[in-house]
Amino acid sequence: MPSSALTAAHPLKDVAASDSALRRFLHGLPGVDAVGLEGRAASLGTRSIKTTAKAYAIDLAISMVDLTTLEGADTPGKVRALGAKAVKPDPTDRTTPSTAAVCVYPDMVAVAKEAVAGSGVKVASVATAFPAGRAALDVKLADVRDAVAAGADEIDMVIDRGAFLSGRYLKVYDEITAVKEACGTSARLKVIFETGELSTYDNIRRASWLGMLAGADFIKTSTGKVAVNATPANTLLMLEAVRDFRAQTGIQVGVKPAGGIRTSKDAIKFLVLVNETAGEDWLDNHWFRFGASSLLNDLLMQRQKLATGRYSGPDYVTVD
């Protein structure tokens, strides 16, 4: 699979040679037509799919879930239960696919790793002073190294939004590259932009390219901790970015919308966006994820309805 590092011969390799060069590149990206973007996202969201395709889409969506708990009240018992659910989302139906990963705080990585051992379910850890990202770089890197040492397969970092919004792009770039190095060869890096705080679609496009240039394996919308999280429009914009980045560099980067995606209907709309924008190569949990906690339960209930013809209701699934 494509590496997330630009080769020395690549024409984009020098865009981060200086703050001015990076600024020139990012501000040279085409401006976003907000009306057109939102219109296309809304139009794709109205697509209907047949029952057989819906069954496939629900299983695909389940396999793409990063089942998440990021609360101050998290306990080892809660994380073990989450891990068990990720491995066997529906214990009454062994044909139900496992989720892609469980996502926890760094101090819960070892517990999660034990809970999913031998299953193929990954353990993702937030890091870099999640969710605000307000800490010194050495503290952020220690956070990452602790999570990787505990067995994290994936690191979900947050960018310094203050630096980004004040135009200090090279600082953000250098921080991402430092975190990427701290991940080593064992952990993939997801870079969270907190799109709800970036104010404009142009900023989301710039952040997407900045993250990819710095070596992100995934670009991610949100922490799920602010008012505006993943939307069809901001996810569509990021899907366009990864598509265009691969066209220019040959490097494929994943996308993870997170926060606010709660129903099967929502998830299927996002899968249509993926298929129609980035293409089939991204319709795989190696390249597309949902950051969610309540989404899985609705997917399981809809799956059971398709299989049996009846809707079981919320008692059919466990409460996370």
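What the table shows:
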read-out: Carbon plus sulfur fraction of accessible area for the stretch 19-311, probe 1.4 Å, in percent; value: 51 percent
read-out: Principal-axis tilt of helix 137-149 within the chain, Cα atoms, nearest 10 degrees; value: 40 degrees
read-out: Between helix 232-249 and the chain: long-axis angle, C-alpha atoms, 0 to 90°, nearest 10; value: 60 degrees
read-out: 1.4 Å probe accessible area per residue over the chain, in Å²; value: 42 Å²
read-out: Interchain or long-range residues, amide H under 5 Å from Gly291's placed H; value: Asp66, Ala258, Gly259
read-out: Integer Hz, Karplus 6.51/-1.76/1.60 couplings in order for the stretch 192-197, x for Gly and Pro; value: 8, 8, 6, 4, x, 9
read-out: Added length on full extension, which subtracts the Cα-Cα distance from 0.36 nm per residue, Arg94 to Thr46; value: 14.1 nm
read-out: Mean Cβ neighbour count within 10 Å, used as a protection proxy, ranking 286-294, 106-114 highest first; value: 286-294, 106-114
read-out: 31 Å Cα-Cα threshold exceeded, pairs from Lys171/Lys265; Lys13/Lys113; Lys88/Lys265; Lys122/Lys225; Lys190/Lys269; Lys88/Lys140; value: Lys171/Lys265; Lys13/Lys113; Lys88/Lys140
read-out: Helix-only CD estimate at 222 nm, as mean residue ellipticity for the chain, using -39500 (n - 2.57) per DSSP H run (n ≥ 4); value: -14000 deg cm²/dmol
read-out: GNM result for the chain, Cα springs below 10 Å: residue of Pro30, Pro232, Pro131 fluctuating most strongly; value: Pro30
read-out: Residue-by-residue Karplus 3J(HN,Hα) for the stretch 282-290, coefficients 6.51, -1.76, 1.60, Hz, glycine and proline x; value: 8, 7, 7, 6, 6, 10, 9, 9, 10
read-out: Listed residues Val148, Val32, Val123, most fluctuating in the chain (Gaussian network, C-alpha, under 10 Å); value: Val32
read-out: Sequence-distant residues sharing a close amide H with Gly254 (under 5 Å, placed H); value: Phe218, Ile219
read-out: For peptides 71-84, 266-279, sequence by mean Cβ density within 10 Å, most packed first; value: 266-279, 71-84
read-out: Candidates Lys180, Lys225, Lys190, ranked by Gaussian network fluctuation over the chain, Cα under 10 Å, top entry; value: Lys225
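The values are calculated or read from the model by the stated rules, or taken from the named source; none is laboratory data. Computed from a prediction, not measured in an experiment: that's the story for all the values here. Counting neighbours? That spans all protein chains shown, and the Cβs are built from the backbone with ideal geometry, glycine included. Areas reflect the complete protein model, heavy atoms only, side chains present, ligands, DNA and RNA absent. Shrake-Rupley method; radii C 1.70, N 1.55, O 1.52, S 1.80 Å.
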